[in-house]
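Colleague: Mind having a look at this structure? Questions to follow.
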Amino acid sequence: MNFVRLIRVEAERLLREIRYYKFDQMISFFDLLLICLGIFTGMGRDLFPGQSIFYAWIGMILWRYASVGLQTSCSIVEKEIRLGTLEQLMLTRCSFDRILMARVFVRLLVETVKLGAVSLLIGWIFQIQPDRDVSAFVLLLSILLFLVGVAGMGCIIGGVSLLYKKANALVNAVSYFTLFFTGAVVPLQAIPQVFSFPARVLPFYWCVESIRKAEFGREFWALSSLSCFWFLFGLGLFRATIRRMLEKGSSAQY
């Protein structure tokens, strides 16, 4: 089964799930809106002089994408282990890492719809004006590259879930860290210096800076390099974890 067909199958499965759990989906929309409202209300405009509130808005979108990607990777692996269907999934014609990527990709597409609506509401409530110097092409390309890095980080979380069976606490810790200490939402100069290095080895800060610069400069290439690194590292770690798990025969343990 090729990747496009796999995405179509996973999309149909997810859409059936959304239709069946409509009430939960509506509540999750308002939950996302409240989280984003709380972020901007709690921080206030004083932390975002000039156009920096627009980039904090972009950073919030990146944070949400990352959170959903990590949570989805974790929940997919945990669910398959809990139901005892992980070994069956590994015997299909598609490799487990491709299935994981397809499910995360489809989930992010669905999240884009919700996130788009919430972002427009947040922009309207807080009167956020787009920066006129932003290049739409650089913005879209930077976000796509960022999502490549997120896919790799999701593979790392998936690998940890395979190894330790549960990784929800790790997902929450990474989510909180990326929200407050990567320079994506809160300006890098406003956070403790000790977090400067971790922030610069993750794609969040560089994605925002690449969008801000609106050109294919140092920031864009740093984003490209880091995203490719995290993707290759995460995918390699995930595959190594699968091999180790199969060798130990622990895929059915929960």
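Colleague: Counting pairwise Cα distances across the chain, what percent come out greater than 22 angstrom? Let's see the in-between values first.
Modeller: Numbers: 18237 of 32131 pairs.
Tail fraction, whole percent: 57.
Colleague: Still on this structure, I have one more. Mind putting together the pair-distance distribution for segment 69-181? All Cα pairs, 10 Å bins, whole percent per bin, short to long.
Modeller: 12, 35, 32, 15, 6, 0
Colleague: Calculated FRET efficiency, ARG5 and SER196, Cβ-Cβ r, R0 35 Å, to nearest 0.05? Write out the running numbers ahead of the final one.
Modeller: On the way: r = 44 Å, r/R0 = 1.26.
Using R0 = 35 Å, I get an efficiency of 0.20.
Colleague: So, one more: Under a 10 Å cutoff between Cα atoms, tell me which one of ASP131, ASP24, ASP97 has the largest fluctuation in the Gaussian network model of the chain.
Modeller: Fluctuation is largest for ASP24.
Colleague: If you add up the charges near LYS213, with Lys and Arg at +1 and Asp and Glu at -1, over every other residue whose beta carbon is less than 15 angstrom from its beta carbon, what do you get?
Modeller: On the way: positive: ARG132, ARG212, ARG218; negative: ASP131, ASP133, GLU209, GLU215, GLU219.
Net charge in that neighbourhood comes out at -2.
Colleague: For the pair ARG98 and ILE35, what calculated FRET efficiency results from E = 1/(1 + (r/R0)^6), where r is the Cβ-Cβ distance and R0 = 22 Å, to the nearest 0.05? Before the final figure, lay out each step's value.
Modeller: Numbers: r = 31 Å, r/R0 = 1.42.
Computed FRET efficiency for ILE35 and ARG98: 0.10.
Colleague: Using the count of nearby Cβ atoms within 10 Å as a rough guide to exposure, how do SER67, SER95 rank from fewest to most?
Modeller: Details: SER67 21, SER95 13.
So the ranking, lowest neighbour count to highest, is SER95, SER67.
Colleague: Just order 195-206, 161-172 by mean Cβ neighbour count inside 10 Å, highest at the front, would you?
Modeller: Values: 195-206: 19.2, 161-172: 16.5.
Highest mean packing first, the order is 195-206, 161-172.
Colleague: Springs between alpha-carbon pairs under 10 angstrom, Gaussian network model over the chain: which of CYS207, CYS94, CYS155 fluctuates most?
Modeller: Of CYS207, CYS94, CYS155, the most mobile in the Gaussian network model is CYS94.
Colleague: Taking segment 3-248, how many lysine pairs are there with alpha carbons less than 15 Å apart, if each pair must be eight or more places apart or span two chains?
Modeller: Lysine pairs satisfying the spacing and distance rule in segment 3-248 number 4.
Colleague: Specify the angular offset, from 0 to 90 degrees and rounded to the nearest 10, of the alpha carbon long axis of helix 96-125 from the longest principal axis of the alpha carbons in the chain.
Modeller: Computed tilt is about 30 degrees.
Colleague: Could you line up THR112, THR178 from fewest to most neighbouring Cβ atoms inside 10 Å?
Modeller: Numbers: THR112 15, THR178 25.
The fewest-first ordering by Cβ neighbours comes to THR112, THR178.
Colleague: Whole angstrom only: what separates the Cα centroid of segment 178-209 from the Cα centroid of segment 94-134?
Modeller: 20
Only the coordinates and a few stated rules stand behind these numbers; no lab work does. On a predicted model such as this, the values are computed, not experimentally measured, just so you know. Note that we place each Cβ from the backbone using ideal geometry, even for glycine, and neighbour counts take in every protein chain shown.
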